[in-house]
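Asker: Handing you this structure, nothing more for now.
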Amino acid sequence: MKKQRLALFVSGTGSNALNIATYFWQHHSIEIGLLVSNNATSPALRAFEKMLVPCVVIDNTQAADGKFLIDLCLSHSIDHVVLAGYLRLIPASFIHVFSDRIFNIHPALLPKFGGKGMFGNRVHTAVLEAGDTESGITIHLVNEHFDEGRTLAQFHCSVNENDTVESLRMKVQALEHAHYPEVIEQSLHKDTHV
Ligand code: GAR
């Protein structure tokens, strides 16, 4: 059986991408076929190169070029795309080709604290400033609008008065690492009835 091939897109540290790659290492039906980063200094690049996963660094022009990204993914036989802290808007033509096959993770309970410019610690700062008593993660499919595609799963954590941006970030990251790979796996298995 041909394995389902994932492309991982990152902009930052890439801890989710590494966690996903570890989860699917020697998996029976899913493999990582490509890492794409729009940040040449992402530590994920060296780690994925060591795992012999093809890595491609893209610039802002390429990130906005749907045809470039489609050709890149198709040339690596990619079936599904996983955004893991990738902060550029995905071009509409790319979403059209990979319709319902692009996953994203957001570090809050959408639709709260989402949209353009809401990423990383900005999200946690907004949650703390709003005085919310819970936060969490949303795993969703990607459409043309930032953080608005169909929700696949949400997981919650508490927020208390002693929390700081850093402590909340750690709680949310623990949820991301615990759940993102298995939500991807379940969603792909549903697609292929494996
Ligand atoms: C993650 O917390 C992810 O949810 C967030 O960026 C972080 C990347 O961390 N994504 C967004 O904020 C998207 N709006 P990582 O590079 O260590 O995986």
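The values are calculated or read from the model by the stated rules, or taken from the named source; none is laboratory data. Remember, it's a predicted structure, so these values are computed and weren't measured experimentally. All Cβ positions, even for glycine, are placed from backbone atoms using ideal geometry, and neighbour counts span all protein chains on display. Surface accessibility is based on the protein's heavy atoms, side chains included, excluding ligands, DNA and RNA. Shrake-Rupley method; radii C 1.70, N 1.55, O 1.52, S 1.80 Å.
Asker: When residue 21 is evaluated against the numbered criteria (1) among the small types (Gly, Ala, Ser); (2) farther than 20 Å from residue 105 by Cα; (3) in a helix (DSSP H, G or I), which criterion, by number, is the only one it fails?
Answerer: Every condition holds for residue 21 apart from (2).
Asker: For the range 30-42, state whether one or more residues are part of a strand (DSSP E or B) and in contact with a His (Cβ under 7 Å, 6 or more places away or on another chain).
Answerer: Within the range 30-42, the subset part of a strand (DSSP E or B) is 30-37.
Pick out the ones that are also in contact with a His (Cβ under 7 Å, 6 or more places away or on another chain) and you get 33-34.
Yes: one or more hits.
Asker: Residue under question is residue 3, and the condition is that it be away from the ligand (no atom under 12 Å from the Cβ), open to solvent by 20 Å² or more (accessible area, probe 1.4 Å) and closer than 16 Å to residue 181 by Cβ; does it hold? Steps first, please.
Answerer: Working: away from the ligand (no atom under 12 Å from the Cβ): yes; open to solvent by 20 Å² or more (accessible area, probe 1.4 Å): yes; closer than 16 Å to residue 181 by Cβ: yes.
Answer is yes for this residue.
Asker: Considering only strands (runs of 3 or more DSSP E) fully contained in the range 93-194, which possess at least 1 residues that are open to solvent by 40 Å² or more (accessible area, probe 1.4 Å)? Reasoning before the result, please.
Answerer: Values: elements: 102-106, 134-141, 151-158.
Where strands (runs of 3 or more DSSP E) fall fully within the range 93-194 and carry at least 1 residues being open to solvent by 40 Å² or more (accessible area, probe 1.4 Å), they are 134-141, 151-158.
Asker: Does any residue in the range 117-143 that is among the charged types (D, E, K, R) come within less than 9 Å, Cβ to Cβ, of a residue that is open to solvent by 30 Å² or more (accessible area, probe 1.4 Å) six or more places away or on a different chain, and which pairs are these?
Answerer: Close Cβ pairs (under 9 Å, with a partner that is open to solvent by 30 Å² or more (accessible area, probe 1.4 Å)) amount to 122/113; 132/112; 132/113; 134/156; 134/158.
Asker: Let me ask you something else. Checking the condition within 15 Å of the ligand (Cβ to nearest atom), on the phi < 0 side of the Ramachandran plot and modelled with pLDDT under 95, which residue from 35, 89, 110, 18 passes? Don't jump to the end; show me each part of the working.
Answerer: Working: 35 fails: modelled with pLDDT under 95; 110 fails: modelled with pLDDT under 95; 18 fails: modelled with pLDDT under 95.
Sole residue among the options that is within 15 Å of the ligand (Cβ to nearest atom), on the phi < 0 side of the Ramachandran plot and modelled with pLDDT under 95: 89.
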